[in-house]
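**Student:** There's a structure below that I have some questions on.
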Amino acid sequence: MDILSFLLAPFVAGLILTGIHAYLGLHVVERGVIFVDLSLAQIAALGTTVAFLAGHGLHSNMAYFWSLGFTVLGAAIFAFTRIHDAKTRIPQEAIIGIVYAVSAAAAILAMSKAPEGTEHIKDMLVGNILTVSWRHVAETAALYSLVGVFHWFCRHKFLMISTAPEEAYRSGISVKLWDFLFYASFGFVVTSSVAIAGVLLVFSYLIVPSVAAMMFARRVGTRLAFGWTMGAVVSGLGVYLSFVLDLPTGATIVCSFGAALAALALLKLFTRGRASGLVVS
């Protein structure tokens, strides 16, 4: 019972992360901006680093607002660098990758002269979800619920821009404005997620369940159900393995996501091969 009570908070935190990121991941995959979450997460981490160098605690309110400010700036960059022009040959993914690389390098430079800089960089990457408090879990759940309500009311425009961008442009809506609202709300999520789970785990929660769901489902609702189920199972498994094997929790969950995705891909390949064999026979 002591072990279960200790693991319950990080497991619930994993469920909360799964809930919002599996949904946002559908948009990210459909838009083809796979690394936008990784880039926003790194920008958020850079904001926390700047706050730390300014004398604020890593998990203080000021550090959060610094991180959020940097992330909103990143959201503006991604929203207004989306170019709807067939003659433009620079894909947005290139801009996202450049922003990620510069943010990561800036964070490393900033922490290179700080005490315990190496430990902070490690914390930015993999986090420490195993030590999350119930208060932090409750605050994160409340924030994500607000973001979820916002996306529910704006779902038609967000889905149109993600799945049918040409139709969105023809309809006359301000795509750049709605892109900014999407990425800004995304930024609120990422800022809190990075503080709990680190950059790599946040990226895994966003992309892996969505990619896995796309292998087996086409409808949005079915993909969401698949992604939520996978995220919940992998979160529980990763937290348990990290505790039993005495491994870093974030890194363990990331590797568990990778192993689960590989297993599902093999299952898909095997079932497709069997189906093809039945058709031939």
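Just so you know, all these numbers are worked out from the coordinates, no wet-lab data involved. Predicted model only: the values in this text are computed from it and were never measured. No Cβ is skipped: glycine too gets one built from the backbone with ideal geometry, and neighbour counts run over all protein chains shown.
**Student:** Would you mind calculating the relative contact order of the chain from Cα pairs under 8 angstrom and at least 6 residues apart, reporting the percent as a whole number? Walk me through the numbers before you get to the answer.
**Tutor:** Numbers: 348 pairs, mean separation 85.3, N = 281.
For the chain, the relative contact order is 30 percent.
**Student:** Looking at the chain, what % of the alpha carbon pairs are farther apart than 28 Å? Kindly include the intermediate steps, with their values, before the conclusion.
**Tutor:** On the way: 15079 of 39340 pairs.
Percentage above 28 Å: 38.
**Student:** Continuing with this model, one more query. Can you compute 3J(HN,Hα) from phi for each residue in the stretch 229-241, using the Karplus curve 6.51 cos²θ - 1.76 cosθ + 1.60 with θ = phi - 60°, rounded to whole Hz and x for Gly and Pro?
**Tutor:** 5, 4, x, 5, 5, 5, 4, x, 5, x, 4, 5, 5
**Student:** Taking the Cβ of each residue in Ser235, Ser256 as the centre, tally the other Cβ atoms inside 10 Å and list the residues starting with the fewest.
**Tutor:** Numbers: Ser235 25, Ser256 22.
So the ranking, lowest neighbour count to highest, is Ser256, Ser235.
**Student:** Order by neighbour count: Thr249, Thr81, fewest other Cβ atoms within 10 Å first, most last.
**Tutor:** Numbers: Thr249 25, Thr81 15.
With the fewest neighbours first, Thr249, Thr81 line up as Thr81, Thr249.
**Student:** Give the span of the stretch 174-281's Cα atoms along each principal axis, as three whole-Å numbers ordered largest to smallest.
**Tutor:** 54, 49, 17
**Student:** So what is the 222 nm mean residue ellipticity for the chain from helices alone, if each DSSP H run of at least 4 adds -39500 (n - 2.57) and you divide by all residues, rounding to the nearest 500 deg cm²/dmol? Could the numbers behind the result be given before it?
**Tutor:** On the way: 12 runs with 232 residues, N = 281.
Theoretical 222 nm ellipticity from helices: -28500 deg cm²/dmol.
**Student:** Still on this structure, I have one more. Where does each of Ile90, Ile253 land when they are ranked from fewest to most other beta-carbon atoms within 10 angstrom?
**Tutor:** Values: Ile90 10, Ile253 33.
By the 10 Å Cβ count, ascending, the order reads Ile90, Ile253.
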